[in-house]
Amino acid sequence: MKILLINGANLNMLGIREPEKYGGKSLKEIEQAVIDKGKELGADVDVYQSNIEGEIVEKIQSALNNYNGILINAGGYTHTSVVIRDAIAAVQIPTIEVHMTNIHAREEFRHTSLLSGVCKAIIAGFGEDSYILALEGLISSLNKN
């Protein structure tokens with residue numbers, strides 16, 4: 001089983017950016033935890049991060065026929081990107097939307113996700129553990145099919 005983890009804009013700043021909201025771990029540390037958990041659960045996890053919307057779209061498109069599932073934390077693009085939504089819909093790969101914070105408990109503009117309607121599920125509000133919970137849920141769902 002192959003899983004692609006995509007992180008969007010500003011997530012490369014984890015560990016530095018607002019640690020009171022996002023914790024003190026770097027993106028590399030979080031990615032490694034997901035890779036390790038994937039191995040434990042019998043899945044290979046590849047990771048990708050970009051601050052550029054079009055690059056994220058291209059990565060999603062390249063996942064077609066190469067991955068069984070996608071985890072995506074699109075960061076601020078969650079609330080603005082029709083093209084990322086369309087890419088997820090186009091590839092039809094089971095995708096879990098991930099958020100470290102509870103987007104519904106934050107600023108009103110964060111309450112709307114353009115991605116949710118084309119994702120299998122959303123995990124939000126568990127900090128770095130959101131990634132692990134999303135991975136476990138995705139793998140469990142894929143194993144049932």
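Structure above, values below:
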| read-out | value |
| --- | --- |
| Filter result for residue 33 (over 23 Å from residue 129 (Cβ atoms), in a helix (DSSP H, G or I) and not β-branched (Val, Ile, Thr)) | no |
| Condition broken by residue 121, with the remaining ones in (1) more than 18 Å from residue 11 (Cβ to Cβ); (2) surrounded by fewer than 14 Cβ atoms within 10 Å (Cβ to Cβ) satisfied | (2) |
| Selection count where residues are surrounded by fewer than 18 Cβ atoms within 10 Å (Cβ to Cβ) and of a type in the set (Gly, Ala, Ser), scope segment 29-41 | 1 |
| Criterion violated by residue 77 - all others in (1) free of Cβ contacts under 8 Å to residues at least 40 places away in the same chain; (2) of a type in the set (Ser, Thr, Tyr); (3) surrounded by 16 or more Cβ atoms within 10 Å (Cβ to Cβ) satisfied | (1) |
| Tally of residues being at pLDDT 85 or above and assigned to a loop (DSSP other than H, G, I, E, B) across segment 9-23 | 5 |
| Filter pass, residue 28 being assigned to a helix (DSSP H, G or I), more than 16 Å from the chain's Cα centre (by Cα) and modelled with pLDDT of 95 or more | no |
| Residue under evaluation residue 104, criteria (1) in contact with a His (Cβ under 6 Å, 6 or more places away or on another chain); (2) under 17 Å from residue 135 (Cα atoms), criterion not met | (2) |
| Residue within segment 42-49 that is free of Cβ contacts under 8 Å to residues at least 60 places away in the same chain, surrounded by 15 or more Cβ atoms within 10 Å (Cβ to Cβ), within 20 Å of residue 10 (Cβ to Cβ) and among the hydroxyl-bearing types (Ser, Thr, Tyr) present | yes |
| Identity of the residue in segment 103-118, part of a helix (DSSP H, G or I) and β-branched (Val, Ile, Thr), that ends up surrounded by the most Cβ atoms within 10 Å (Cβ to Cβ) | 103 |
| Residue among 114, 41, 64, 138 that alone is in contact with a strand residue (DSSP E or B) (Cβ under 9 Å, 6 or more places away or on another chain), at pLDDT 95 or above and among the hydrophobic types (A, V, I, L, M, F, W, C) | 138 |
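The rows are residues; the columns are (1) in contact (Cβ under 8 Å) with a residue 60 or more places away in the chain; (2) part of a helix (DSSP H, G or I); (3) over 14 Å from the mean Cα position of the chain (by Cα); (4) surrounded by fewer than 19 Cβ atoms within 10 Å (Cβ to Cβ).
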position: 58; (1), (2), (3), (4): no, yes, yes, yes
position: 83; (1), (2), (3), (4): no, yes, yes, yes
position: 89; (1), (2), (3), (4): no, yes, yes, yes
position: 96; (1), (2), (3), (4): no, no, no, no
position: 101; (1), (2), (3), (4): yes, no, no, yes
position: 130; (1), (2), (3), (4): no, yes, no, no
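Each row is one residue, and each column tells you yes or no for (1) of a type in the set (D, E, K, R); (2) under 17 Å from residue 133 (Cα atoms).
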site: 18; (1), (2): yes, no
site: 51; (1), (2): no, no
site: 67; (1), (2): no, no
site: 72; (1), (2): no, yes
site: 100; (1), (2): no, yes
site: 115; (1), (2): no, no
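The values are calculated or read from the model by the stated rules, or taken from the named source; none is laboratory data. This is a predicted model, so every value here is computed, not measured. Don't worry about glycine lacking a Cβ; one is built from the backbone with ideal geometry, like all the others, and counts go over all protein chains shown.
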